[in-house]
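Sending over a structure as structure tokens; questions will come in a sec.
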Amino acid sequence: MAIKFRKKTELFTFYDSKGKKIERETEVRLDPLTGETSRLVYDAGLAITPPDYTEEADKTKGANCPFCPENIDTMTPVFPNMIAEEGRITEGGAVVFPNLFPYSKHNGVAVFSGDHYVRLSEFTPELIVNAFKAAQKYIHKVNITDTHAKFSSINWNYLPLSGGSIIHPHLHIIVSDSGTNYQTAVYKKARQFEMETGTKYFAALYETEKSLGERWIADTGTVSWLHAFAPKSHNDYIGIFNHAFSIKDIQETDWKHFAKGLQSIFASLTEQGFASFNFILSVDPEEKEPVHVRLIPRLVIGALDTSDINFFQALHQESLTYKVPEEITARARLHFEN
């Protein structure tokens, strides 16, 4: 087996105030591609209460939201003609325009539709497909006009817990000369993996995980879904566009398959009490590995609404999870079967 799933267990022994012995395990897992570690820690019963943003949505919609239909033409900027002759890119009800405060050389914002507050259960295949096709159009235009910008991604901060500053659902499309730390590490290690094994990493990951069955979830047409062995959060879903190695390779059928799988992921998140997430769709700059996505939930913990990110993730740059990946996989798989 070319892919190795490595982990080790650390045992902490201590005593309660009455002298009763307590033993708690921490499992350290290594990412099979990058070698980065993730810690599966003791779950004392993570209680998740999904927030309801109905009141906030009512306060921020319409005149107070630049992404609502009555404002989008007057409150959002436009692209140069070489990107969009009409100033913005559209697909169905989705609209793409420049980010006023860009993260990169090229940064588009894709608004899903005119609906200001869309709950996870309300995202239809049409909404998802239109937004991602509009983002795809933008990346394709940038790829044609700027051959130096090789690193592309479609990103999603859903609701405030994820870092989203506007409730109205939208994507961030980044095209840059420089890859992020994630992109640089993944594609550098993928090249190394292919040199050592003669196999492309994501193809090997898919085949291995499907064979083992421990973290493989389902195939939705041309898109395959699994859970990460060394997760970056309490859930960590990976989707692989098996036949698409560039953004232009993704066809309408692929987007529909992707949307179907994403709806099942949303159902799994909702069942667990999660209502917010971070998402990335990443494109290999040399088109040697298939397009892939990752999605992790975001939440607050306890009565103080404590952030789910602490010194471990922020400074040690090591992910924590209270949930066992194989158990989450089994739960998620049921939503795909339904």
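In the chain, carbon and sulfur make up what percent of the accessible area (probe 1.4 Å)?
On the chain, the fraction of accessible area on carbon and sulfur atoms equals 52 percent.
Using heavy-atom solvent-accessible surface (probe 1.4 Å) with all chains present, what is the largest-first order of VAL78, VAL41? Walk me through the numbers on the way to the answer.
On the way: VAL78 80, VAL41 35 Å².
Of VAL78, VAL41, the descending order of accessible area is VAL78, VAL41.
Give the shape of the chain as rounded, prolate or oblate, defined through the alpha-carbon gyration tensor: a ≥ b ≥ c are the square roots of its eigenvalues, a/c under 1.5 means rounded, and otherwise the shape is prolate if a/b is larger than b/c and oblate if not.
oblate
Can you give the relative contact order of the chain as a percent, counting alpha carbon pairs under 8 Å and 6+ residues apart?
Numbers: 662 pairs, mean separation 65.2, N = 338.
This gives 19 percent for the chain.
For LYS200, which lysines qualify as cross-link partners when the Cα separation must be under 22 Å and same-chain residues fewer than eight apart are set aside?
LYS4, LYS150, LYS188, LYS189, LYS210, LYS248, LYS288
Please list the non-local residues whose amide H lies under 5 Å from the amide H of HIS106, H modeled 1.01 Å from N, same-chain partners needing a gap of 5 or more.
Amide H neighbours of HIS106: VAL175.
Right, another one. Can you work out the accessible area per residue across the chain, with the rest of the protein chains kept in place, probe 1.4 Å, in square angstrom?
With all protein chains present, the chain gives 49 Å² per residue.
With each pseudo-label sitting 7 Å past Cα toward Cβ, what's the LYS105-ARG119 distance in nm, one decimal?
4.4 nm
Note down the nm distance, to one decimal, between modelled labels 7 Å out along Cα→Cβ at ASN338 and at THR184.
It works out to 4.3 nm between the two label points.
Sort region 224-331 into rounded, prolate or oblate with this rule: let a ≥ b ≥ c be the square roots of the eigenvalues of the Cα gyration tensor; rounded if a/c is under 1.5, and if a/c is not under 1.5, prolate when a/b is larger than b/c, oblate otherwise.
Taking the square roots of the gyration eigenvalues as a ≥ b ≥ c, region 224-331 is prolate.
Between rounded, prolate and oblate, where does region 215-264 land on the alpha carbon gyration tensor, with a ≥ b ≥ c its root eigenvalues, rounded for a/c under 1.5, else prolate if a/b exceeds b/c?
On the way: a/c = 2.35, a/b = 1.78, b/c = 1.32.
Prolate is the answer for region 215-264, as a/c is 1.5 or above and a/b outweighs b/c.
For the chain, what does the helix formula give at 222 nm: sum of -39500 (n - 2.57) over DSSP H segments with n ≥ 4, over the residue count, nearest 500 deg cm²/dmol?
Helix contribution divided over all residues of the chain: -9000 deg cm²/dmol.
Can you work out the Karplus-derived ³J(HN,Hα) for every residue in region 147-160? Use 6.51 cos²θ - 1.76 cosθ + 1.60 with θ = phi - 60°, whole Hz, and x for glycine or proline.
Coupling constants for region 147-160: 6, 7, 8, 9, 9, 10, 7, 10, 10, 9, 9, 9, 6, x Hz.
Further question on the same structure: For region 136-142, just list the computed ³J(HN,Hα) in residue order, Karplus coefficients 6.51, -1.76 and 1.60, θ = phi - 60°, integers in Hz, with x standing in for Gly and Pro.
4, 4, 5, 4, 4, 4, 5
I've got another one for you. So if each residue of separation counts as 0.36 nm, and I subtract the Cα-Cα distance between PHE312 and GLU252, what length gain in nm does that give?
17.6 nm
Check ALA218: other-chain or 5+ apart residues with amide H under 5 Å from its amide H, H built from backbone geometry?
Those lying under 5 Å, H to H, from ALA218 are TRP225.
Hey, how many Å between the Cα centroid of region 142-216 and the Cα centroid of region 14-64?
Going from one Cα centre to the other spans 24 Å.
Here's something else I'd like to know. Could you derive backbone 3J(HN,Hα) for region 27-32 from the dihedral phi with the Karplus parameters 6.51, -1.76 and 1.60 (θ = phi - 60°), listing whole Hz in sequence and x where the residue is Gly or Pro?
Listing the rounded values in order: 9, 9, 10, 9, 4, x Hz.
With labels modelled as points extended 7 Å from the Cα through the Cβ direction, what inter-label distance (nm, one decimal) is found for GLU56 paired with HIS148?
3.9 nm
The values are calculated or read from the model by the stated rules, or taken from the named source; none is laboratory data. It should be emphasised that the depicted structure is a prediction, and the values quoted were computed from it without experimental measurement. Backbone-built Cβ (ideal geometry, glycine too); neighbour counts: all protein chains shown. In case anyone asks, the SASA skips ligands and DNA or RNA and just uses the protein heavy atoms, side chains included. Shrake-Rupley method; radii C 1.70, N 1.55, O 1.52, S 1.80 Å.
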